[in-house]
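The values are calculated or read from the model by the stated rules, or taken from the named source; none is laboratory data. Here the structure is a predicted model, which means the values were calculated and not measured. Heads up, the Cβs are rebuilt from the backbone with ideal geometry, glycines too, and the neighbour counts pull from every protein chain shown. Surface accessibility is based on the protein's heavy atoms, side chains included, excluding ligands, DNA and RNA. Shrake-Rupley method; radii C 1.70, N 1.55, O 1.52, S 1.80 Å.
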Amino acid sequence: QVQLVESGGGLVQAGGSLRLSCAASGRTSSRYAMGWFRQAPGKDREFVAVISRTGNTYYDDSVKGRFTISRDDAQSTVYLQMNSLKPEDTAVYYCAARASLVVRTTATDYDYWGQGTQVTVSS
């Protein structure tokens, strides 16, 4: 079992930055691929970024060049640095863990989820 707790969300103006954190507890988080997803009101949960157990990263095209995912396994924490934020980035952001070497971008492929943190970008 892995427990995930997100933090760092908030209200920011367009063009601003936020850094989300996801603290993992339970089984060693280094054994998991870690992903970030987001869900806006009335929309499906969508993939944002993932980092593999070996540090390889993948991003949705909508955030590529603006967001950076990283992990600190010594601290059992995954980060999502979000720069040049846009109003369309407004959503609840979720951290997720997948117990596999193979990274996936589909929410149903993940085993554990956090409770989410709200990000609101004003225009």
>> Let me spell it out: the conditions are (1) under 12 Å from the mean Cα position of the chain (by Cα); (2) open to solvent by less than 30 Å² (accessible area, probe 1.4 Å); (3) over 12 Å from ALA33 (Cβ atoms), and LEU85 meets all of them except one. Which number is the exception?
In response: (1)
> Of the conditions (1) in contact (Cβ under 8 Å) with a residue 60 or more places away in the chain; (2) polar (S, T, N, Q); (3) more than 23 Å from THR120 (Cα to Cα), SER52 fails just one. Which one is it?
Replying inline: (1)
> Scanning region 20-56 for residues that are in contact with a helix residue (DSSP H, G or I) (Cβ under 7 Å, 6 or more places away or on another chain) and open to solvent by 40 Å² or more (accessible area, probe 1.4 Å), which turns out farthest from TYR93 (Cα to Cα)?
Replying inline: ARG53
